[in-house]
Amino acid sequence: MDWTQRILVTRTLAMPADTNPRGDIFGGWIVSLMDISVAAMSSRFARGLTATRAIRQVLFDRPIFVGDEISVYVKLENVGHTSMTFEVDVTVQRSGLEEELPAVRGTFIMVALDKNRRPRRVNCCELPHHQGETKGRC
């Protein structure tokens with residue numbers, strides 16, 4: 001897997017159960033999808049347990065409506081000794097349209113954990129060194 005590329009991790013439909021009291025898609029549900037997607041990727045990259053350390057910023061650029069197809073893309077941006085930084089992009093595809101529209105973006109910092117749930121060194125031996133796009137120690 002090329003960790004320096006944007007990878008599609010989750011694709012789902014926005015449903016009525018995912019709305020806030022006003023009928024709009026609840027932002028917390030979107031952030032949850034982003035966090036779950038990042039957790040899946042960070043665990044694969046670190047080859048073990050990871051946990052969310054911080055969510056640096058989440059920007060809601062476009063509303064998401066019931067019936068929109070939601071795609072969550074994750075890209076590894078930086079690797080530290082125990083942490084990994086990921087950029088997450090959420091796009092929507094409106095019913096009847098082919099184009100994916102950017103909707104939400106954010107930066108998530110994940111920490112690799114040992115069996116006692118303490119921070120441990122990230123093993124990043126799979127990261128392609130020759131591409132030079134990802135910052136950090138790898």
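General remarks:
- Using only Cα coordinates, the Kirkwood hydrodynamic radius of the range 7-125 works out to 14.9 Å.
- Our helix-only sum for the chain, with -39,500 (n - 2.57) per DSSP H run of n ≥ 4 divided by its residues, gives a mean residue ellipticity at 222 nm of -5000 deg cm²/dmol.
- Length-normalised contact order for the range 7-125 - Cα pairs under 8 Å, 6+ apart - percent: 30
- Extension gain, Lys115 to Met1: 0.36 nm times the residue separation minus the Cα-Cα distance gives 38.5 nm.
- Segment Arg22-Ile55, extension gain: residue separation times 0.36 nm, minus the distance between their alpha carbons: 9.3 nm
- When DSSP beta bridges are restricted to pairs lying wholly in the chain, around 95% turn out antiparallel.
- Other residues lying with their Cβ under 9 Å from the Cβ of Arg6 contribute a combined charge of -1, Lys and Arg counting +1, Asp and Glu -1.
- For the range 46-61, 3J(HN,Hα) computed residue by residue from phi via the Karplus equation (6.51, -1.76, 1.60; θ = phi - 60°) reads 7, 6, x, 5, 9, 9, 6, 8, 7, 10, 5, 6, 10, 10, 9, 8 Hz, glycine and proline entered as x.
- Count Lys and Arg as plus one, Asp and Glu as minus one, and take only other residues whose Cβ is under 14 Å from that of Ile25; the net charge is then -2.
- Cα centroid separation, the range 3-29 to the range 99-123 (Å): 18
Coordinate-derived values only; no laboratory data. A quick note: this is a predicted structure, and the numbers were derived from the prediction, not measured. Positions of Cβ are generated from backbone atoms using ideal geometry, with glycine treated the same way; all protein chains shown enter the neighbour counts.
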